[in-house]
Amino acid sequence: MRGKIEWWVENMEVHSVKVGGPFVVHDRFIVQYDMDVTDKNSKKRMQMSEVGVYTVRDGKIVREEFLPMASKKP
């Protein structure tokens, strides 16, 4: 997880983040992320929505998955 976070900070300029949750189900919890970011390399600004699904064992996160949410069409 730390490597992913380091990559994100080095490559993305974050303008805003909205977080929803956590939503807890058995040994997992889900967090919704809505982000407004700019890719530092391409200079492309984008809005992203995704959910993070985290699996917990013995009090530690042992797996994380990020699933993009469908974009809303006007």
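Seen against the Cα atoms of the chain and their longest principal axis, helix 2-11 is set at about 10 degrees. Recomputing semi-axes √(5λ) of the Cα gyration tensor in Å from the coordinates shown identifies the correct label among (i) 23, 13, 12; (ii) 25, 17, 9; (iii) 33, 11, 10 as (ii). Computed extension gain for Phe23 through Lys4, at 0.36 nm per residue and net of the alpha carbon distance, reaches 4.6 nm. Placing +1 on each Lys and Arg Cβ and -1 on each Asp and Glu Cβ, with no other charges, gives the range 1-55 a dipole about its Cα centre of roughly 100 debye.
Between Asp58 and Asn11, the modelled label-to-label distance comes to 3.1 nm, taking each label 7 Å out from Cα in the direction of the beta carbon.
The numbers here are math on the coordinates, done by the rules we state, and not lab data. The structure displayed is predicted, hence computed values, not measured ones. Glycine also receives a Cβ, built like all others from the backbone with ideal geometry; neighbour counts cover every protein chain displayed.
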